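The values are calculated or read from the model by the stated rules, or taken from the named source; none is laboratory data. Since the model is a prediction, treat every value here as computed from it, not as a measurement. In this analysis, Cβ positions are derived from the backbone assuming ideal geometry, glycine residues included, and neighbour counts consider all displayed protein chains.
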Amino acid sequence: MNTLKVGVCLIAATLLCGCNPLMSASLNNLKAAVIGPDEVNVSPDEVAGVNYPQLKLTTPSGSGVLALVREREDLQFWVASGKQVLLLRNGLAVRSVGLGLEGDLDGTRQSDDSPFKQGLHRVADGYTTRRWIDLYKGQEVGVIVNSRFSLRSTQTLRILDKDYTVLRVDEQIDAPAIGLRATNRYWVDPRDGFIMQSEQQLTSQLRVKIVQLTPDRRHIP
C-alpha cells in the first residue's frame, strides 16, 4: 500500500509538470462532492495536446481526465493531476485511490476463467464467473463477487468527434457479504474486446463511468 502511494505521488508530480488546463481540472472536479460535481467538457484538440492516452472518469463526486502513465504487463496505471488513481486490468477497474468518499476499492483478484482476460467480445451469453475484492474501509478482504454476463445489441458509440461500432455487454454482479447488487455495462470493440466505455460498480458507494478518450492509442507511446 505505501509503495503504491509513493509511486503515485511521483507519477502525479511528473504528470503535473507538463499538464494542460484539461488535466488540471481533474483535481477540482473530482473533489467537488460538497458543492456538487462539475462536468468536464473535453475537446479533441485538448486531448491531442497531452502526450499520453487519456480517459474521462465520472464518479459520484465529479468528473476528470486521467492519463495512462504506466503499464505493467496487463495492469494499467491511470492518474489524474490531483493524485487520484485508477488501475485497470483488461478494462476492468481493479483498484482505486482517492476516488471513494466512503472508501476505495483496494484490490481485485480475477479467476482463471475470467472473460476479461480473453476479451468480452468472446464471452457467451449467460456466462457466470466470480472474482474477489478487498475494500479499503471496513477491512473486508476477499469478498466474493459473483457475476453473470448478458450480450446486448451492437451500438454506435460517439467519443469526441468519432463514431465507433461497439458491442454492449452487461454484467450482473452480486456480493452477498456486503449487500452489493448492481449491473455493470461495457461497450466493447467487437474485433478485439477493447473496452471503450464502461459503467462499473467498484464498491457499495462507488460507481464510475469510464470513457476512453483516445481508443486508437492503446498503449503508452
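For the reader, a short list of remarks on this structure follows.
- Unmet criterion (only one of (1) within 16 Å of V94 (Cα to Cα); (2) in contact with a Phe, Trp or Tyr (Cβ under 9 Å, 6 or more places away or on another chain)) for N184: (2)
- Exactly one residue among G64, G82 is surrounded by fewer than 21 Cβ atoms within 10 Å (Cβ to Cβ) and modelled with pLDDT under 95, and that residue is G82.
- Residue match in the range 185-195 (condition: surrounded by 14 or more Cβ atoms within 10 Å (Cβ to Cβ), of a type in the set (G, A, S) and under 16 Å from the mean Cα position of the chain (by Cα)): yes
- Of all the listed residues (R181, R158), the sole one being closer than 24 Å to N41 by Cα, modelled with pLDDT of 95 or more, loosely packed, with under 14 Cβ neighbours inside 10 Å and of a type outside the set (G, A, S) is R158.
- Entirely in the range 33-108, the strands (runs of 3 or more DSSP E) that have 1 or more residues that are of a type in the set (S, T, N, Q): 54-59, 62-72, 75-79, 92-97
- Number of the condition not met by S96 [criteria: (1) crowded, with 21+ Cβ neighbours inside 10 Å; (2) closer than 20 Å to D189 by Cα; (3) among the polar types (S, T, N, Q)]: (2)
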